[in-house]
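Below is one structure, written out as structure tokens; comments come after it.
Throughout, read-outs are computed from the coordinates displayed, never taken from laboratory work. What you are looking at is a predicted structure, and each value in this text was computed from that prediction instead of being measured. Here the Cβ is made from the backbone with ideal geometry for all residues, glycine too, and neighbour counts use every protein chain on show.
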């Protein structure tokens, strides 16, 4: 597989008015800002099957990206377009006639000209662009049908996300993540139609989003956390009846872990909501 794309971008912005009601002012000499950017991007990849049954396969791909930046600085100066390069190699295999499948992937992602708000005092509304934002790591995912009723799926990732130039870690990016989801469907007997699901998510500690506008110190990193969710569902099917009923109860964060941080900066943080539950009933006809 291979592809190539040429992009030419030209944008002109004329500002006829400034401010908002009731302080909106029409400008006699409206300023004009130009944004001009172009790039040629490409993508190439290959898959190699190691056996006739195609149960063992190697693959690899390389891509680059280009994203024009529409925003401008308050003084009208343009921002450079964001550019990226991505490399990935992986190994996929399945066992037991497809009941168990695994995918192991190594990736390398580099981004340049990533636009961020300028938190320097006196620079409100301005932007800075960071280059050398690199993420490298290993991902593993699996999908298993242990029995015809018991399904298991999940994944693990080890990601090193940091700036190649400064060595500073990417904010809010965990080094390790793990997920696993189990589902059991009762297909016969008195419990036929009932299904039970249990899922868990692990996230390791994460650097804070840096900001210097208020002078607060870096109190991070955000702590690691586990979350466990459960779902109970029941499908009611009445023979020779046109209506089909579905009932489910879902509980997120069943152990009510209050140490899950949604976001965090040097001067503030936001906690997850804690335990949540939802009951749903639906009918099809």
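How long are the semi-axes of the ellipsoid equivalent to the chain, from square roots of 5 times the Cα gyration tensor eigenvalues, in whole Å, largest first?
44, 29, 23
Using a 7 Å offset from Cα along Cα-Cβ at residue 26, what residues in the stretch 69-113 end up with backbone N under 11 Å from the label point?
Answer for the stretch 69-113: none.
Over the chain, what relative contact order in percent results from Cα pairs under 8 Å that are six or more residues apart?
So the answer I get is 9 percent.
Which length gain, in nm to one decimal place, applies between residue 160 and residue 57 when the Cα-Cα distance is subtracted from 0.36 nm times their residue separation?
34.5 nm
Which whole-number percent gives the relative contact order of the stretch 133-263, counting Cα pairs below 8 Å spaced six or more residues apart?
17
Decide, for the stretch 112-181, between rounded, prolate and oblate: order the square roots of the alpha carbon gyration tensor eigenvalues as a ≥ b ≥ c, take rounded if a/c falls under 1.5, and otherwise choose prolate if a/b is larger than b/c, else oblate.
Verdict is prolate for the stretch 112-181.
For the residues 276, 139, what sequence is obtained by ranking on other C-beta atoms within 10 Å, fewest first?
276, 139
Given the stretch 32-128 reduced to its alpha-carbon atoms as identical point scatterers, what log10 I(q)/I(0) does the Debye formula return at q = 0.13, 0.19, 0.22, 0.25 Å⁻¹?
-0.66, -0.93, -1.08, -1.21
Could you give the length gained by full extension between residue 283 and residue 192, i.e. 0.36 nm per residue of separation minus their alpha carbon distance, to one decimal place?
Using 0.36 nm per residue and subtracting the Cα-Cα distance, I get 31.0 nm.
Please give the FRET efficiency for residue 126 paired with residue 176, using the beta carbon to beta carbon distance and R0 = 30 Å, rounded to the nearest 0.05.
Calculated transfer efficiency: 0.30.
Arrange 258, 6 by Cβ neighbour counts within 10 Å, fewest through most, would you?
Ordered by Cβ neighbours within 10 Å, fewest first: 6, 258.
Using the alpha-carbon centroid of each, what span in Å lies between the stretch 87-164 and the stretch 58-83?
With the stretch 87-164 and the stretch 58-83 each reduced to a Cα centre, they are spaced 20 Å.
Gain in length, residue 64 to residue 48, computed as 0.36 nm per residue apart minus the alpha-carbon separation, to one decimal in nm?
3.5 nm
How do 131, 42 rank when sorted from fewest to most other Cβ atoms within 10 Å of their own Cβ?
Listed from fewest to most nearby Cβ atoms, that is 42, 131.
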